[in-house]
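Novice: I'd like to ask you about the structure that follows.
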Amino acid sequence: MAYETIIVDVEDDVATITLNRPDALNALNSQLLGELAQALTEADANEKVRCIILTGSAKAFAAGADIKEMSEKTFVEMFLGDFFEPATEAVAKVRKPVIAAVSGYALGGGCELAMMCDFIIASETAKFGQPEINLGVIAGIGGTQRLPRYVGKAKAMDMHLTGRFMDAEEAERSGLVSRVVPVKQLMDEAQSAAAKIAEKSMLASIAAKQAVNRAFETTLDEGLLFERRLFHSLFATEDQKEGMSAFLEKRTPQFRDR
Ligand code: CO8
């Protein structure tokens, strides 16, 4: 499918989806969100793809929901239209690992979109924020729920109530991002993380993703049981036999997702 607001590139097992509305700092309008939902669903279904990278430009991952598009909306239009839902549903449904590679602004819906991914790699120029309070609204696609899970209540409240931005160094220190690299290395770093993930058994990757995500949804006891059942179930796979044999035989495993 031809997209106008995103660029999709599939190379070496990795699909890279680049948000591409440079004139609006990749603000998330309904067209972009629809295209993003479609591209994520396609990448997840594409057998060649083993990991997905979501990124923006050097200046902006995404500066939030499109304020021009939203500004005149009524409550009823927002309530019935819910134009964010297809994209948020699509991100939530992706079973393959999704890395957010963030440079520049990741604000409002942009910060929320990055937090929906499995982990965030940031460039030194990344700036995260939930500045919706400055517009007389609050976050609407998970910012009040996910940010405290990443950085704790104190910083989450600070950011949502003051609208201040968090730079990459603070974001890494606070647990919002997993790595920070110079801006020129961002895509190489994301590609190399994606390539590492793509080498693994997809069965184990999906199980790991499901188990970690379950930690945020349930009690410790239930989460531990869920993890143990997934762990046990992987012994029904050829990839477990291959992975452990390869270790013992001191060779590289050849996983086949079986
Ligand atoms: N929406 C629309 N256009 C935008 C946005 C945006 N969020 N952000 C930037 N732009 C546009 C600007 O209007 C400008 O366009 P133009 O050249 O036509 O005037 C262009 O991008 C460049 O922006 P600036 O000139 O402002 O660039 P600066 O480098 O001076 O500033 C900033 C960069 C600091 C990022 C600044 O643009 C800014 O503050 N942007 C808005 C950030 C913001 O408030 N984001 C939150 C939006 S609300 C939201 O995300 C809610 C999500 C949940 C909704 C759920 C609904 C169901």
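Novice: Counting only residues that are more than 13 Å from the ligand (Cβ to nearest atom) and in contact (Cβ under 8 Å) with a residue 24 or more places away in the chain, which one in the stretch 129-155 is farthest from residue 102 (Cα to Cα)?
Specialist: Taking the candidates together, the pick is 149.
Novice: Looking at the stretch 109-128, which of the residues that are assigned to a strand (DSSP E or B) and either basic (Lys, Arg) or crowded, with 19+ Cβ neighbours inside 10 Å (or both) is farthest from the ligand (Cβ to nearest atom)? Even if it seems obvious, please write down each step before you answer.
Specialist: So in the stretch 109-128, the residues assigned to a strand (DSSP E or B) come out as 119-123, 127-128.
Applying the additional criterion that residues be either basic (Lys, Arg) or crowded, with 19+ Cβ neighbours inside 10 Å (or both) yields 120-123, 127-128.
Numbers: 120: 17, 121: 20, 122: 16, 123: 15, 127: 8, 128: 11 Å.
The selected residue is 121.
Novice: Just the residues that are part of a helix (DSSP H, G or I) and either crowded, with 18+ Cβ neighbours inside 10 Å or among the charged types (D, E, K, R) (or both), please, taken from the stretch 175-187.
Specialist: Across the stretch 175-187, the qualifying residues are 184, 186, 187.
Novice: Which of the following residues is closer than 30 Å to residue 49 by Cα, within 16 Å of the ligand (Cβ to nearest atom), buried (at least 19 other Cβ atoms within 10 Å of the Cβ) and touching a residue at least 40 places away in the same chain (Cβ under 8 Å): 194, 168, 190?
Specialist: Details: 194 fails: within 16 Å of the ligand (Cβ to nearest atom); 190 fails: within 16 Å of the ligand (Cβ to nearest atom).
From the options 194, 168, 190, the qualifying one is 168.
Novice: Identify, from the list 234, 220, 248, the residue that is exposed (fewer than 12 other Cβ atoms within 10 Å of the Cβ), more than 30 Å from residue 111 (Cα to Cα) and of a type in the set (A, V, I, L, M, F, W, C).
Specialist: On the way: 234 fails: exposed (fewer than 12 other Cβ atoms within 10 Å of the Cβ); 220 fails: more than 30 Å from residue 111 (Cα to Cα).
Of the residues listed, the single one that is exposed (fewer than 12 other Cβ atoms within 10 Å of the Cβ), more than 30 Å from residue 111 (Cα to Cα) and of a type in the set (A, V, I, L, M, F, W, C) is 248.
Novice: Within the stretch 153-170, is even one residue under 16 Å from the mean Cα position of the chain (by Cα) and under 30 Å from residue 18 (Cβ atoms)?
Specialist: Initial filter on the stretch 153-170 (under 16 Å from the mean Cα position of the chain (by Cα)): none.
No, that holds for no residue.
Novice: If you don't mind, there's one more thing I want to ask. Return the residues of the stretch 1-56 that are among the hydroxyl-bearing types (Ser, Thr, Tyr) and in a loop (DSSP other than H, G, I, E, B); say none if nothing qualifies. Lay out the reasoning, then the answer.
Specialist: The initial filter retains those residues of the stretch 1-56 that are among the hydroxyl-bearing types (Ser, Thr, Tyr), namely 3, 5, 16, 18, 30, 41, 55.
Correct list: 3, 5.
Novice: Of the residues 258, 229, which single one is surrounded by 11 or more Cβ atoms within 10 Å (Cβ to Cβ), at pLDDT 95 or above and assigned to a loop (DSSP other than H, G, I, E, B)? Give the steps one after another, and end with the answer.
Specialist: Values: 229 fails: assigned to a loop (DSSP other than H, G, I, E, B).
Of the residues listed, the single one that is surrounded by 11 or more Cβ atoms within 10 Å (Cβ to Cβ), at pLDDT 95 or above and assigned to a loop (DSSP other than H, G, I, E, B) is 258.
Novice: Further question on the same structure: Report yes if some residue within the stretch 219-240 is of a type in the set (Val, Ile, Thr) and under 22 Å from residue 116 (Cβ atoms); otherwise report no.
Specialist: Going through the stretch 219-240, the residues of a type in the set (Val, Ile, Thr) turn out to be 219, 237.
Subsequent filtering for residues that are under 22 Å from residue 116 (Cβ atoms) retains none.
Scanning the stretch 219-240, I find no residue that is of a type in the set (Val, Ile, Thr) and under 22 Å from residue 116 (Cβ atoms), so the answer is no.
Novice: A follow-up question, please. Has the stretch 57-64 got any residue that is within 8 Å of the ligand (Cβ to nearest atom), of a type outside the set (Val, Ile, Thr) and part of a helix (DSSP H, G or I)?
Specialist: Scanning the stretch 57-64 turns up no residue that is within 8 Å of the ligand (Cβ to nearest atom), of a type outside the set (Val, Ile, Thr) and part of a helix (DSSP H, G or I).
Novice: For residues in the stretch 29-83 being free of Cβ contacts under 8 Å to residues at least 60 places away in the same chain and among the aromatic types (Phe, Trp, Tyr), which is nearest to residue 118 (Cα to Cα)?
Specialist: 83
Novice: Give just the number: which of (1) of a type outside the set (A, V, I, L, M, F, W, C); (2) within 12 Å of the ligand (Cβ to nearest atom); (3) at positive phi does residue 13 not satisfy?
Specialist: Looking at each condition in turn, residue 13 falls short on (2).
Novice: Could you tell me which residue of the stretch 69-108 is nearest to the ligand (Cβ to nearest atom), considering only residues that are at pLDDT 90 or above, assigned to a loop (DSSP other than H, G, I, E, B) and of a type outside the set (Ser, Thr, Tyr)?
Specialist: 108
Novice: Follow-up. Just to be sure I understand, how many residues within the stretch 129-155 are surrounded by 19 or more Cβ atoms within 10 Å (Cβ to Cβ), out of contact with any Asp or Glu (no Cβ under 6 Å at 6 or more places or on another chain) and not in a helix (DSSP H, G or I)? Don't jump to the end; show me each part of the working.
Specialist: Residues of the stretch 129-155 that are surrounded by 19 or more Cβ atoms within 10 Å (Cβ to Cβ), as a first pass: 129-132, 139, 141-143, 146-147, 151, 155.
From what is left, the residues that are out of contact with any Asp or Glu (no Cβ under 6 Å at 6 or more places or on another chain) are 129-132, 146-147, 151, 155.
Imposing the further condition that a residue be not in a helix (DSSP H, G or I) reduces the set to 129-130.
Final tally of qualifying residues: 2.
The values are calculated or read from the model by the stated rules, or taken from the named source; none is laboratory data. Just so you know, these numbers come straight off a predicted model, no measurement behind them. Note: ideal-geometry Cβ built from the backbone for every residue, glycine included; neighbour counts use all protein chains shown.
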